[in-house]
Amino acid sequence: MKTIAFILFLCCTNLLFAQLHYDYIGKFNNHKAIVTKNGLYGMINDEGVEFVPVKYEYIGKFKKGIATVTKNGLYGMINETGEEIVPAKYDFICKYKKGKAVVTKNGLYGMINETGEEIALVKYEYIGKFKKGKAVVTKNGLYGMINETGEVIALVKYEYIGKFKKGKAVVTKNGLYGMINETGEEIALVKYEYIGKFKKGKAVVTKNGLYGMINETGEEIVLVKYDYIGKFKKGKAIVTRDGMQTIIDEQGVELPLH
């Protein structure tokens, strides 16, 4: 009993000292509380022991064991033991989503995981929102894609990457059009002057002023050899070549005129 009483006495003494030592002591949560002194923030445990030095301009709320801190106007992160898992070196740290957070430094973007590891180097001009595990990035005015681990899945070489629809997206390079899938694979080479909207699994393409068609896997189902391809109706379309008209089906097979 004497031992327990002595421990309680020490705890109360430490907390009393803490109250006299700091300008402010916040509410205790999970045996820890934020304290301030001379406009700076630190943390103490419920025994009054300072386990986070009073050196930060701000300490955020702990979520999943980590909290954002600022020092000299820069952002970092600490864990619940006070360890600085991310040095205060970033201009900003965004909210964590699915174990990752976008960071900025000197006007460029990168990405860190929950242990503070920089999984995407701070080298991009922009990192878009992640959708289905991938995000568009830009560097030197060109577009590429990364996955949620920061791995580059589409090289930063395109002038534009369109929205993904049914697992594919139109890309442009040197003024020409192509198509990539969700793994970044170029399923339609960047060689077309135009790729139209996909309807019923096919789209019109043009090259050297001539028309053809590709399917959703990038396969050229109608060779690029026609002067014009009309709209498909009931599975057939009128095409012209060298001033002559004929009819093709949806597989690109020329049908006899009746």
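Each reported figure results from applying straightforward, stated rules to the coordinates on display, with no laboratory input. Given the structure is predicted, the values throughout are model-derived calculations rather than measurements. For neighbour counting, all protein chains shown are included, and Cβ atoms are generated from backbone atoms with ideal geometry for every residue, glycine included.
Worth pointing out:
- For the chain, the longest principal axis of the Cα atoms and the long axis of helix 2-21 meet at an angle of about 70 degrees.
- Phi angles of region 249-254 translate, via the Karplus equation with coefficients 6.51, -1.76, 1.60 and θ = phi - 60°, into HN-Hα couplings of 8, 6, 9, x, 7, 6 Hz per residue; Gly and Pro are given as x.
- Stretching Asn106 away from Lys231 to a fully extended chain increases their span by 39.9 nm, per 0.36 nm per residue minus the current alpha-carbon distance.
- Shape descriptor for the chain: Rg over Rh equals 1.32 (Cα atoms; Rh from the Kirkwood inverse mean 1/r).
- Neighbours of Gly82, meaning other residues whose beta-carbon lies under 12 angstrom from its beta-carbon, give a summed charge of -2 when Lys and Arg score +1 and Asp and Glu score -1.
- Potential lengthening of the chain between Leu189 and Glu80 amounts to 34.2 nm, from the contour at 0.36 nm per residue minus the alpha-carbon distance.
- The protection proxy used here, the mean number of other Cβ atoms lying within 10 Å of each residue, ranks peptides 101-111, 233-243 as follows, highest first: 101-111, 233-243.
- Distance between modelled label sites at Asn38 and Glu220, nm, 7 Å Cα→Cβ extension: 7.4 nm
- Surrounding net charge for Ala188, when Lys and Arg each add one and Asp and Glu each subtract one, Cβ distance under 11 Å: -3
- Take the Cβ atoms of Lys64 and Asn140, set R0 to 30 Å, and the FRET efficiency comes out at 0.30.
- Restraint check, Lys98/Lys200; Lys37/Lys95; Lys27/Lys97; Lys27/Lys89; Lys61/Lys105; Lys98/Lys173, Cα-Cα greater than 24 Å: Lys98/Lys200; Lys37/Lys95; Lys27/Lys97; Lys27/Lys89; Lys98/Lys173
- Chain lengthening between Glu125 and Asp242 when straightened (0.36 nm per residue, less Cα-Cα): 37.3 nm
- Taken over region 180-238, the convex hull of the Cα atoms encloses 77 Å³ per residue.
- Charge tally in the Cβ shell below 15 Å around Ala120, where Lys, Arg are +1 and Asp, Glu are -1, Ala120 excluded: +2
- Taking label points 7 Å from Cα along the Cα-to-Cβ direction, Lys27 and Leu255 give a separation of 7.4 nm.
- Close amide H contacts of Lys191 (hydrogens built in the peptide plane, cut-off under 5 Å, sequence separation of 5 or more or a different chain): Tyr177.
- Candidate aspartates and glutamates - alpha carbon under 18 Å from Lys236, same-chain residues fewer than 8 apart omitted: Glu220, Asp227, Asp249, Glu250, Glu254
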